[in-house]
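The structure appears right after this line, and notes come after that.
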Amino acid sequence: MVIKKLTLHNFRNYENESFSFSEGLNVLTGRNAQGKTNCAEAVFYLCTGASLRIRHEKQLIRRGQDFAYVSAEALSRYGTVRLEAKIYENRRELFVNGNKLARAVDLLGNMNSVFFSPGELRLVQDGPDERRRFLDISISQTSREYCTSLNRYRKILDQRNNLLKLRDGSAVLETLPVWDEQFARYAACIVKKRREYLAQLSPLASEAHAHLTDGAETLALGTDGNYPADEQGIYEKILREITSSRERDMRLGFTSVGPHRDDIRIAIDGADARGFASQGQARTAALSMKLAETELFRRSSGEAPVLILDDVMSELDLPRRKKLLDRVKGLQCILTCTHAERVLYGTESNRIRIQNGRILP
(Lines give C-alpha, C1' and ligand atoms only; values in the text may rest on other atoms or scores of the structure.)
Protein backbone atom coordinates (compact mmCIF):
# COMPACT_ATOMS: atom_id res chain seq x y z
CA MET A 1 0.00 0.00 0.00
CA VAL A 2 1.43 3.36 -1.06
CA ILE A 3 -0.17 6.78 -0.63
CA LYS A 4 0.55 8.89 -3.69
CA LYS A 5 -1.29 12.10 -2.85
CA LEU A 6 -2.95 13.65 0.21
CA THR A 7 -5.23 16.70 0.00
CA LEU A 8 -6.28 18.78 3.01
CA HIS A 9 -8.92 21.52 3.00
CA ASN A 10 -9.75 23.36 6.24
CA PHE A 11 -8.24 20.47 8.19
CA ARG A 12 -6.64 21.59 11.46
CA ASN A 13 -4.32 24.50 10.52
CA TYR A 14 -4.35 23.75 6.77
CA GLU A 15 -6.40 25.87 4.38
CA ASN A 16 -5.61 24.15 1.07
CA GLU A 17 -2.60 21.90 0.58
CA SER A 18 -1.72 18.78 -1.42
CA PHE A 19 1.14 16.45 -0.49
CA SER A 20 2.89 14.13 -2.93
CA PHE A 21 4.51 11.13 -1.24
CA SER A 22 7.14 8.71 -2.52
CA GLU A 23 7.14 4.94 -1.97
CA GLY A 24 9.90 4.98 0.64
CA LEU A 25 10.76 7.45 3.40
CA ASN A 26 8.85 10.75 3.44
CA VAL A 27 10.05 13.35 5.91
CA LEU A 28 7.84 16.22 7.08
CA THR A 29 10.18 18.79 8.54
CA GLY A 30 9.74 22.19 10.17
CA ARG A 31 9.59 23.89 13.52
CA ASN A 32 7.18 22.79 16.25
CA ALA A 33 3.46 23.63 15.91
CA GLN A 34 3.59 24.15 12.13
CA GLY A 35 1.29 21.28 11.10
CA LYS A 36 3.53 18.23 10.64
CA THR A 37 1.55 16.07 13.05
CA ASN A 38 -1.74 17.34 11.60
CA CYS A 39 -0.73 15.96 8.19
CA ALA A 40 0.21 12.59 9.72
CA GLU A 41 -3.07 12.55 11.64
CA ALA A 42 -5.03 13.07 8.42
CA VAL A 43 -3.46 9.96 6.90
CA PHE A 44 -4.37 7.87 9.93
CA TYR A 45 -7.91 9.28 9.95
CA LEU A 46 -8.52 8.20 6.37
CA CYS A 47 -7.26 4.71 7.19
CA THR A 48 -9.30 4.14 10.35
CA GLY A 49 -12.02 6.78 10.53
CA ALA A 50 -10.63 7.75 13.92
CA SER A 51 -8.12 10.18 15.40
CA LEU A 52 -5.65 9.33 18.15
CA ARG A 53 -5.61 12.91 19.39
CA ILE A 54 -9.17 14.22 19.75
CA ARG A 55 -12.52 13.24 21.26
CA HIS A 56 -14.81 15.32 19.04
CA GLU A 57 -14.39 15.42 15.29
CA LYS A 58 -15.35 19.10 15.10
CA GLN A 59 -11.87 19.75 16.53
CA LEU A 60 -10.47 18.66 13.15
CA ILE A 61 -12.13 21.61 11.40
CA ARG A 62 -10.02 24.71 10.85
CA ARG A 63 -11.00 27.53 13.15
CA GLY A 64 -13.74 29.73 11.71
CA GLN A 65 -14.75 27.19 9.03
CA ASP A 66 -17.88 25.05 8.69
CA PHE A 67 -16.35 21.81 7.49
CA ALA A 68 -13.09 20.03 6.68
CA TYR A 69 -12.25 17.85 3.69
CA VAL A 70 -9.52 15.20 3.50
CA SER A 71 -8.73 12.89 0.60
CA ALA A 72 -6.00 10.45 -0.37
CA GLU A 73 -5.12 8.55 -3.51
CA ALA A 74 -3.34 5.28 -2.82
CA LEU A 75 -2.03 2.39 -4.85
CA SER A 76 -2.65 -1.14 -3.57
CA ARG A 77 -2.11 -4.55 -5.12
CA TYR A 78 -5.75 -4.36 -6.29
CA GLY A 79 -5.29 -1.01 -8.05
CA THR A 80 -5.90 2.63 -7.23
CA VAL A 81 -8.19 3.59 -4.37
CA ARG A 82 -9.46 7.05 -3.44
CA LEU A 83 -10.57 7.76 0.12
CA GLU A 84 -12.43 10.91 1.15
CA ALA A 85 -13.86 12.36 4.36
CA LYS A 86 -16.10 15.40 4.72
CA ILE A 87 -16.22 16.44 8.36
CA TYR A 88 -18.93 18.71 9.75
CA GLU A 89 -19.56 19.85 13.31
CA ASN A 90 -22.04 17.09 14.14
CA ARG A 91 -21.59 14.54 11.35
CA ARG A 92 -19.27 13.25 8.67
CA GLU A 93 -19.44 11.62 5.26
CA LEU A 94 -16.97 8.95 4.13
CA PHE A 95 -16.33 7.89 0.53
CA VAL A 96 -14.37 5.12 -1.21
CA ASN A 97 -13.80 5.60 -4.94
CA GLY A 98 -16.59 8.18 -5.00
CA ASN A 99 -19.15 5.91 -3.31
CA LYS A 100 -20.62 7.19 -0.06
CA LEU A 101 -20.34 4.66 2.75
CA ALA A 102 -23.43 3.72 4.73
CA ARG A 103 -21.27 2.38 7.58
CA ALA A 104 -17.98 3.69 8.91
CA VAL A 105 -16.74 0.10 9.27
CA ASP A 106 -16.63 -0.16 5.46
CA LEU A 107 -13.74 2.33 5.43
CA LEU A 108 -11.49 -0.16 7.23
CA GLY A 109 -9.12 -2.28 5.20
CA ASN A 110 -8.99 0.00 2.18
CA MET A 111 -5.76 1.56 3.41
CA ASN A 112 -3.96 0.40 6.56
CA SER A 113 -1.62 2.44 8.71
CA VAL A 114 0.37 2.21 11.93
CA PHE A 115 0.89 5.40 13.97
CA PHE A 116 3.64 5.97 16.53
CA SER A 117 4.39 9.12 18.52
CA PRO A 118 6.02 9.89 21.88
CA GLY A 119 2.53 9.76 23.35
CA GLU A 120 2.51 6.02 22.71
CA LEU A 121 4.35 5.65 26.02
CA ARG A 122 0.81 5.47 27.36
CA LEU A 123 0.61 2.04 25.77
CA VAL A 124 3.07 0.73 28.35
CA GLN A 125 2.81 3.10 31.30
CA ASP A 126 -0.88 4.02 31.56
CA GLY A 127 -3.93 1.96 32.45
CA PRO A 128 -5.55 -0.93 30.57
CA ASP A 129 -7.74 1.43 28.49
CA GLU A 130 -4.75 2.41 26.34
CA ARG A 131 -3.72 -1.18 25.64
CA ARG A 132 -7.28 -2.23 24.81
CA ARG A 133 -7.53 0.75 22.46
CA PHE A 134 -4.34 -0.36 20.73
CA LEU A 135 -5.81 -3.83 20.18
CA ASP A 136 -9.20 -2.52 19.05
CA ILE A 137 -7.80 -0.12 16.43
CA SER A 138 -5.23 -2.59 15.14
CA ILE A 139 -7.48 -5.65 14.88
CA SER A 140 -10.37 -3.64 13.41
CA GLN A 141 -8.24 -2.61 10.43
CA THR A 142 -7.90 -6.24 9.33
CA SER A 143 -11.10 -7.80 10.71
CA ARG A 144 -14.50 -6.27 10.07
CA GLU A 145 -16.03 -9.10 12.09
CA TYR A 146 -14.09 -7.87 15.12
CA CYS A 147 -15.03 -4.24 14.49
CA THR A 148 -18.72 -5.12 14.16
CA SER A 149 -18.68 -7.29 17.30
CA LEU A 150 -16.86 -4.54 19.21
CA ASN A 151 -19.36 -1.85 18.22
CA ARG A 152 -22.34 -4.03 19.14
CA TYR A 153 -20.69 -5.07 22.40
CA ARG A 154 -20.16 -1.42 23.35
CA LYS A 155 -23.80 -0.56 22.64
CA ILE A 156 -25.00 -3.49 24.75
CA LEU A 157 -22.57 -2.53 27.52
CA ASP A 158 -23.98 1.01 27.54
CA GLN A 159 -27.54 -0.30 27.64
CA ARG A 160 -26.69 -2.69 30.46
CA ASN A 161 -24.95 0.01 32.50
CA ASN A 162 -27.90 2.36 32.07
CA LEU A 163 -30.22 -0.41 33.20
CA LEU A 164 -28.09 -1.11 36.29
CA LYS A 165 -28.58 2.47 37.45
CA LEU A 166 -32.38 2.08 37.69
CA ARG A 167 -33.85 1.86 41.19
CA ASP A 168 -36.48 -0.77 40.37
CA GLY A 169 -34.40 -3.86 41.19
CA SER A 170 -37.04 -6.41 40.17
CA ALA A 171 -37.45 -4.86 36.73
CA VAL A 172 -33.66 -4.80 36.29
CA LEU A 173 -33.27 -8.47 37.21
CA GLU A 174 -36.10 -9.38 34.86
CA THR A 175 -34.53 -7.51 31.91
CA LEU A 176 -30.83 -8.31 32.38
CA PRO A 177 -30.91 -11.90 31.02
CA VAL A 178 -31.92 -10.60 27.57
CA TRP A 179 -28.90 -8.30 27.43
CA ASP A 180 -26.50 -10.74 29.06
CA GLU A 181 -26.85 -13.44 26.41
CA GLN A 182 -26.00 -10.98 23.63
CA PHE A 183 -23.25 -9.46 25.79
CA ALA A 184 -21.57 -12.84 26.21
CA ARG A 185 -21.89 -13.72 22.51
CA TYR A 186 -20.10 -10.60 21.25
CA ALA A 187 -17.64 -10.68 24.15
CA ALA A 188 -16.56 -14.20 23.15
CA CYS A 189 -15.71 -13.05 19.62
CA ILE A 190 -13.69 -10.11 21.00
CA VAL A 191 -11.72 -12.28 23.44
CA LYS A 192 -10.96 -14.91 20.81
CA LYS A 193 -9.76 -12.38 18.21
CA ARG A 194 -7.61 -10.53 20.75
CA ARG A 195 -5.95 -13.73 21.91
CA GLU A 196 -5.22 -14.85 18.34
CA TYR A 197 -3.82 -11.42 17.50
CA LEU A 198 -1.53 -11.29 20.53
CA ALA A 199 -0.27 -14.81 19.84
CA GLN A 200 0.95 -13.57 16.44
CA LEU A 201 2.10 -10.13 17.64
CA SER A 202 4.21 -11.25 20.61
CA PRO A 203 7.03 -13.05 18.73
CA LEU A 204 7.22 -10.26 16.16
CA ALA A 205 7.44 -7.62 18.91
CA SER A 206 10.08 -9.68 20.68
CA GLU A 207 12.17 -9.89 17.50
CA ALA A 208 11.83 -6.14 16.80
CA HIS A 209 12.77 -5.33 20.39
CA ALA A 210 15.86 -7.54 20.20
CA HIS A 211 16.90 -5.71 17.02
CA LEU A 212 16.50 -2.25 18.58
CA THR A 213 18.32 -3.20 21.81
CA ASP A 214 21.02 -5.40 20.27
CA GLY A 215 19.58 -8.34 22.20
CA ALA A 216 20.21 -6.67 25.57
CA GLU A 217 16.58 -7.12 26.68
CA THR A 218 13.69 -9.45 25.98
CA LEU A 219 10.07 -8.40 25.42
CA ALA A 220 7.02 -10.65 25.83
CA LEU A 221 3.30 -9.93 25.42
CA GLY A 222 0.30 -11.87 26.65
CA THR A 223 -3.29 -11.64 27.84
CA ASP A 224 -4.25 -11.47 31.49
CA GLY A 225 -7.64 -13.17 31.07
CA ASN A 226 -8.12 -16.86 31.86
CA TYR A 227 -10.44 -18.13 29.15
CA PRO A 228 -11.13 -21.50 27.50
CA ALA A 229 -9.55 -22.27 24.15
CA ASP A 230 -12.66 -22.22 21.92
CA GLU A 231 -15.18 -19.43 21.32
CA GLN A 232 -18.14 -21.46 22.62
CA GLY A 233 -16.26 -22.15 25.85
CA ILE A 234 -15.42 -18.45 26.18
CA TYR A 235 -19.08 -17.57 25.65
CA GLU A 236 -20.23 -20.00 28.32
CA LYS A 237 -17.65 -18.76 30.83
CA ILE A 238 -18.50 -15.09 30.30
CA LEU A 239 -22.23 -15.85 30.51
CA ARG A 240 -21.70 -17.61 33.86
CA GLU A 241 -19.63 -14.71 35.16
CA ILE A 242 -22.04 -12.02 34.00
CA THR A 243 -24.97 -13.95 35.47
CA SER A 244 -23.34 -14.44 38.86
CA SER A 245 -22.29 -10.77 39.02
CA ARG A 246 -25.77 -9.30 38.47
CA GLU A 247 -26.51 -8.35 42.08
CA ARG A 248 -23.00 -6.97 42.57
CA ASP A 249 -23.29 -4.97 39.35
CA MET A 250 -26.61 -3.55 40.55
CA ARG A 251 -24.92 -2.32 43.73
CA LEU A 252 -22.00 -0.88 41.78
CA GLY A 253 -24.10 0.58 38.98
CA PHE A 254 -21.86 -0.75 36.19
CA THR A 255 -20.77 -4.02 34.51
CA SER A 256 -17.80 -5.45 36.39
CA VAL A 257 -16.83 -8.36 34.11
CA GLY A 258 -16.09 -8.74 30.41
CA PRO A 259 -13.39 -7.91 27.84
CA HIS A 260 -13.80 -4.19 28.54
CA ARG A 261 -11.91 -4.97 31.77
CA ASP A 262 -9.14 -7.11 30.25
CA ASP A 263 -5.51 -6.07 29.82
CA ILE A 264 -2.29 -6.96 27.98
CA ARG A 265 0.72 -8.23 29.92
CA ILE A 266 3.92 -6.48 28.80
CA ALA A 267 7.09 -7.94 30.28
CA ILE A 268 10.69 -6.81 29.82
CA ASP A 269 13.21 -9.42 30.97
CA GLY A 270 10.33 -11.14 32.77
CA ALA A 271 9.34 -8.07 34.84
CA ASP A 272 6.03 -6.22 34.45
CA ALA A 273 6.88 -3.21 32.26
CA ARG A 274 3.97 -1.22 33.65
CA GLY A 275 5.63 -0.92 37.02
CA PHE A 276 9.35 -1.28 36.38
CA ALA A 277 10.23 0.02 32.90
CA SER A 278 12.19 3.25 32.57
CA GLN A 279 11.11 5.92 30.09
CA GLY A 280 13.61 4.59 27.55
CA GLN A 281 12.55 0.98 28.04
CA ALA A 282 8.86 1.87 27.77
CA ARG A 283 9.49 3.84 24.59
CA THR A 284 11.44 1.00 22.98
CA ALA A 285 8.80 -1.55 24.01
CA ALA A 286 5.98 0.54 22.55
CA LEU A 287 7.92 1.12 19.33
CA SER A 288 8.63 -2.61 19.06
CA MET A 289 4.90 -3.32 19.35
CA LYS A 290 4.18 -0.86 16.56
CA LEU A 291 6.85 -2.35 14.30
CA ALA A 292 5.41 -5.79 15.00
CA GLU A 293 1.95 -4.47 14.13
CA THR A 294 3.36 -3.26 10.80
CA GLU A 295 4.76 -6.70 9.98
CA LEU A 296 1.57 -8.43 11.07
CA PHE A 297 -0.46 -6.22 8.72
CA ARG A 298 1.88 -7.14 5.87
CA ARG A 299 1.45 -10.86 6.56
CA SER A 300 -2.33 -10.74 6.95
CA SER A 301 -3.15 -8.48 3.99
CA GLY A 302 -0.27 -9.26 1.67
CA GLU A 303 1.01 -5.68 1.61
CA ALA A 304 2.65 -3.38 4.12
CA PRO A 305 0.70 -0.57 5.79
CA VAL A 306 1.78 3.07 5.82
CA LEU A 307 4.04 3.57 8.85
CA ILE A 308 3.67 6.98 10.51
CA LEU A 309 6.43 8.00 12.92
CA ASP A 310 5.60 11.31 14.57
CA ASP A 311 8.60 12.99 16.25
CA VAL A 312 9.98 9.63 17.32
CA MET A 313 13.63 10.31 16.47
CA SER A 314 14.05 13.02 19.10
CA GLU A 315 13.25 10.44 21.77
CA LEU A 316 15.80 7.81 20.66
CA ASP A 317 19.56 7.65 21.10
CA LEU A 318 21.86 7.48 18.07
CA PRO A 319 22.17 3.65 17.81
CA ARG A 320 18.41 3.15 18.00
CA ARG A 321 17.75 5.89 15.44
CA LYS A 322 20.00 4.11 12.96
CA LYS A 323 18.44 0.73 13.71
CA LEU A 324 14.97 2.18 13.22
CA LEU A 325 15.93 3.69 9.86
CA ASP A 326 17.27 0.30 8.84
CA ARG A 327 14.07 -1.34 10.02
CA VAL A 328 11.73 0.82 7.91
CA LYS A 329 13.51 0.16 4.61
CA GLY A 330 11.05 -1.29 2.12
CA LEU A 331 8.08 0.45 3.77
CA GLN A 332 6.31 3.65 2.91
CA CYS A 333 7.06 5.72 5.99
CA ILE A 334 5.90 9.22 6.92
CA LEU A 335 8.27 10.64 9.50
CA THR A 336 8.00 14.04 11.18
CA CYS A 337 10.94 15.89 12.72
CA THR A 338 12.24 19.39 13.30
CA HIS A 339 15.71 18.92 11.75
CA ALA A 340 15.95 16.19 9.11
CA GLU A 341 19.72 16.40 8.76
CA ARG A 342 20.16 15.55 12.45
CA VAL A 343 18.22 12.28 12.34
CA LEU A 344 18.52 10.85 8.81
CA TYR A 345 22.32 10.48 8.54
CA GLY A 346 22.27 10.66 4.76
CA THR A 347 19.28 8.32 4.31
CA GLU A 348 17.53 8.99 1.01
CA SER A 349 14.10 10.54 1.50
CA ASN A 350 11.38 12.74 0.05
CA ARG A 351 11.56 15.86 2.21
CA ILE A 352 8.60 18.20 2.64
CA ARG A 353 9.10 21.39 4.61
CA ILE A 354 6.06 22.81 6.41
CA GLN A 355 5.50 26.26 7.87
CA ASN A 356 2.22 27.56 9.32
CA GLY A 357 0.17 24.93 7.55
CA ARG A 358 1.82 25.55 4.18
CA ILE A 359 4.26 23.51 2.11
CA LEU A 360 7.40 25.52 1.39
CA PRO A 361 9.41 25.11 -1.83
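The values are calculated or read from the model by the stated rules, or taken from the named source; none is laboratory data. All figures in this text were calculated on a predicted structure; none of them were measured in a lab. No Cβ is skipped: glycine too gets one built from the backbone with ideal geometry, and neighbour counts run over all protein chains shown. Protein only, heavy atoms only, side chains kept; ligands, DNA and RNA dropped before computing areas. Shrake-Rupley method; radii C 1.70, N 1.55, O 1.52, S 1.80 Å.
So the values come out like this:
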{"read-out": "Top-ranked residue of the range 269-320 - restricted to ones that are open to solvent by 20 Å² or more (accessible area, probe 1.4 Å) and polar (S, T, N, Q), ranked as farthest from Leu25 (Cα to Cα)", "value": "Ser278"}
{"read-out": "Boolean, Glu181 is open to solvent by 20 Å² or more (accessible area, probe 1.4 Å) and in contact with a strand residue (DSSP E or B) (Cβ under 6 Å, 6 or more places away or on another chain)", "value": "no"}
{"read-out": "The range 204-235 - residue that is assigned to a loop (DSSP other than H, G, I, E, B) and of a type outside the set (Asp, Glu) and, of those, most open to solvent (accessible area, probe 1.4 Å)", "value": "Asn226"}
{"read-out": "Cross-chain or 6+ apart pairs with Cβ under 6 Å, the range 312-335 first and under 21 Å from Ser113 (Cα atoms), then crowded, with 19+ Cβ neighbours inside 10 Å and among the aromatic types (Phe, Trp, Tyr)", "value": "Val312/Phe116"}
{"read-out": "The range 23-35, residues that are out of contact with any Leu (no Cβ under 6 Å at 6 or more places or on another chain) and surrounded by 15 or more Cβ atoms within 10 Å (Cβ to Cβ)", "value": "Gly24, Leu25, Asn26, Leu28, Thr29, Gly30, Gln34, Gly35"}
{"read-out": "Exclusive hit being closer than 28 Å to Ser143 by Cβ, out of contact with any Phe, Trp or Tyr (no Cβ under 7 Å at 6 or more places or on another chain) and of a type in the set (Val, Ile, Thr), set Val312, Val306", "value": "Val306"}
{"read-out": "Leu135, sole failed condition from (1) part of a helix (DSSP H, G or I); (2) within 25 Å of Met250 (Cβ to Cβ); (3) not basic (Lys, Arg)", "value": "(2)"}
{"read-out": "Among (1) of a type in the set (Asp, Glu); (2) over 22 Å from Tyr197 (Cα atoms); (3) not in a helix (DSSP H, G or I), the one test that Glu241 misses", "value": "(3)"}
{"read-out": "Qualifying residue in the range 36-48 (condition: surrounded by 22 or more Cβ atoms within 10 Å (Cβ to Cβ) and in a strand (DSSP E or B))", "value": "no"}
{"read-out": "Matching residues in the range 245-265 - criterion: being among the acidic types (Asp, Glu) and either under 19 Å from Thr223 (Cβ atoms) or not in a helix (DSSP H, G or I) (or both)", "value": "Asp262, Asp263"}
{"read-out": "Some residue of the range 117-128 being under 26 Å from Ser245 (Cα atoms), over 17 Å from the mean Cα position of the chain (by Cα) and surrounded by fewer than 17 Cβ atoms within 10 Å (Cβ to Cβ)", "value": "no"}
{"read-out": "Residue within the range 75-98 that is in a helix (DSSP H, G or I), hydroxyl-bearing (Ser, Thr, Tyr) and open to solvent by less than 50 Å² (accessible area, probe 1.4 Å) present", "value": "no"}
{"read-out": "Pair list, Cβ < 9 Å and 6+ apart or interchain, from the range 215-233 residues that are in contact (Cβ under 8 Å) with a residue 24 or more places away in the chain to residues that are open to solvent by less than 40 Å² (accessible area, probe 1.4 Å) and among the basic types (Lys, Arg)", "value": "Thr223/Arg194; Gly225/Arg194"}
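Residues are listed down the side, and each one gets a yes or a no for (1) under 20 Å from Phe19 (Cα atoms); (2) of a type outside the set (Asp, Glu); (3) touching a helix residue (DSSP H, G or I) at 6+ places or on another chain (Cβ under 6 Å):
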residue	(1), (2), (3)
Glu41	yes, no, no
Tyr45	yes, yes, no
Arg55	no, yes, no
Asn90	no, yes, no
Val96	yes, yes, no
Arg103	no, yes, no
